[in-house]
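The values are calculated or read from the model by the stated rules, or taken from the named source; none is laboratory data. Quick caveat: nothing in here was measured; it's all calculated off a predicted structure. Heads up, the Cβs are rebuilt from the backbone with ideal geometry, glycines too, and the neighbour counts pull from every protein chain shown. In case anyone asks, the SASA skips ligands and DNA or RNA and just uses the protein heavy atoms, side chains included. Shrake-Rupley method; radii C 1.70, N 1.55, O 1.52, S 1.80 Å.
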Amino acid sequence: MNILKIFSFIVPAACLTVFSCTDVEKLEIDHVGGYNTMNNAESEAYYASLREYKDQIWNYGRPVAFGWFSDWAPQGVARKGYLSAVPDSMDIISMWSGAPDRYTITPEQKADKEFVQKVKGIKLLEVSLLSHLGKGRTPESVYTPLYEQAEKEGWSDAQLDEAKKLARWDFWGFTSHDLNNTEELKAAHTRFAKALCDSLVTNEWDGFDIDWEPGNGFNDADGTLANNPRETELILHLVKEMGKYIGPMSDQEGKGHRLLCVDGQISVFTYNCPEYIDYFILQSYGRVDDLNGYADPHKFILTENFEKFATTGGQLLEQARYMPDEGYKGGVGAYRFTKDYDNTPDYKYMRKAIQENQRVFNEWKEKQNGNPGEGTDQQ
């Protein structure tokens, strides 16, 4: 790595080897310099300890720091578009800007991605509004002959769209085109689920975030998943099939796996298949949701909307301070948290939320066992 301008950093020696400190988030490390541009024994020790801290999330060892990342553009000296510029202690990032495959990812994105995954230990998720069979996994080659035929025969846009839909259905094995044929639809979704998970491995993403918002964000629904009379049955089938490859059910020994998360309208999953889901991400925009009604509050992440509240932080800090009456919450985060970069210091509210998130957990943990908390509030 090239060493750019390093403004200042203060590192307590004990924190370089074991993250038992509670003030690491207060380290004066500028993202333009600091460890991001160091490549020596000191930075190696720091990042090794950071990765150990990240491993604490397995089996819900502590609450996580989460965010939807937008405007991914890791080029030039302006650092806002870099994943590597986010606070080190971000645990899970859902790629709202898209999760390109190995053919479309740019060299700059690939380097940025690998740094945060392999060096910082951050988990990067693909996110999608899963609204129809084959979304995001249907090869473009399926449609190529249709474009040629449409041009030759002068099809309208509606004709082309219909032909593309039926070709996609055929590709995934839904050849009857009968939306009441639930068994054939399930078989098609079984193939779709495997394709969704296989590509995570091929393209080196750390999991999948299902944005389930039927009736809201599903403008491209075609009846094969959302807006189908049996949509609950079909989405549950899809999730359980994905659960063979990713999520907690694919990792019975709890050794680590690709994550399976859901956000949006989560009740269908909390009631029917909670054991398949790592985290339920609540869109707690402008409020602090009560987790006392849930059996496993440690699986729920509260999030604020930084598309609207980035300049003030909204309710993010209150969400970070919140703890249910029994147990602890799964974490805290924000939608389009990249906008917090523009505050002073950069990621001002996310950094404070990370501190509060860990502080209240450490206090809870201390009360449970009578010992000092062992968490950390890294940068």
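A few points about this structure:
- Restricting attention to the range 74-94, the residues that are open to solvent by less than 50 Å² (accessible area, probe 1.4 Å), without any contact (Cβ under 8 Å) to a residue 60 or more places away in the chain and among the hydrophobic types (A, V, I, L, M, F, W, C) add up to 2.
- The range 164-181 residues that are closer than 21 Å to LYS194 by Cα, paired with ones that are among the β-branched types (Val, Ile, Thr) and part of a loop (DSSP other than H, G, I, E, B) (beta carbon under 8 Å, 6 or more apart): ARG168/THR138; TRP169/THR175; TRP169/THR224; PHE171/THR138; TRP172/THR138; PHE174/THR224
- Test: residue in the range 119-137 that is over 22 Å from PHE208 (Cβ atoms), open to solvent by 20 Å² or more (accessible area, probe 1.4 Å) and in contact (Cβ under 8 Å) with a residue 12 or more places away in the chain: yes
- Number of residues in the range 278-305 that are out of contact with any Ser or Thr (no Cβ under 7 Å at 6 or more places or on another chain) and touching a residue at least 60 places away in the same chain (Cβ under 8 Å) equals 5.
- For the range 255-287, filtering for residues that are in a strand (DSSP E or B), of a type in the set (Ser, Thr, Tyr) and more than 18 Å from PHE337 (Cβ to Cβ) leaves 0.
Okay, residues lined up against (1) under 22 Å from the mean Cα position of the chain (by Cα); (2) open to solvent by less than 10 Å² (accessible area, probe 1.4 Å); (3) modelled with pLDDT under 95; (4) not basic (Lys, Arg):
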| site | (1), (2), (3), (4) |
| --- | --- |
| ASN292 | no, no, no, yes |
| LYS299 | yes, no, no, no |
| PHE306 | yes, yes, no, yes |
| PHE309 | yes, no, no, yes |
| GLY313 | yes, yes, no, yes |
| GLY327 | no, no, no, yes |
| GLY330 | yes, yes, no, yes |
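- Any chance PHE66 is modelled with pLDDT of 95 or more and open to solvent by 10 Å² or more (accessible area, probe 1.4 Å): no
- Restricting attention to the range 223-244, the residues that are more than 22 Å from ARG258 (Cα to Cα), part of a loop (DSSP other than H, G, I, E, B) and either at pLDDT below 95 or among the small types (Gly, Ala, Ser) (or both) add up to 5.
- Counted residues, the range 252-268 - those being surrounded by fewer than 21 Cβ atoms within 10 Å (Cβ to Cβ), under 20 Å from GLY327 (Cβ atoms) and of a type in the set (A, V, I, L, M, F, W, C): 1
- Exactly one residue among ALA99, ALA111 is open to solvent by 50 Å² or more (accessible area, probe 1.4 Å), under 30 Å from ALA353 (Cα atoms) and not polar (S, T, N, Q), and that residue is ALA111.
- Verdict on ALA150 being part of a helix (DSSP H, G or I), open to solvent by less than 60 Å² (accessible area, probe 1.4 Å) and without any contact (Cβ under 8 Å) to a residue 40 or more places away in the chain: yes
- Residue in the range 59-117 that is farthest from VAL127 (Cα to Cα), counting only those that are of a type in the set (S, T, N, Q) and part of a loop (DSSP other than H, G, I, E, B): GLN75
- Here the helices (runs of 4 or more DSSP H) wholly within the range 288-379 that include at least 3 residues being of a type in the set (A, V, I, L, M) are 316-321, 348-369.
- Residues of the range 179-193 classified as more than 13 Å from LEU133 (Cβ to Cβ) and of a type in the set (D, E, K, R), total: 1
- Taking the listed residues LEU234, LEU317, the one that is more than 19 Å from the chain's Cα centre (by Cα), closer than 26 Å to ASP222 by Cβ and buried (at least 16 other Cβ atoms within 10 Å of the Cβ) is LEU234, with no other qualifying.
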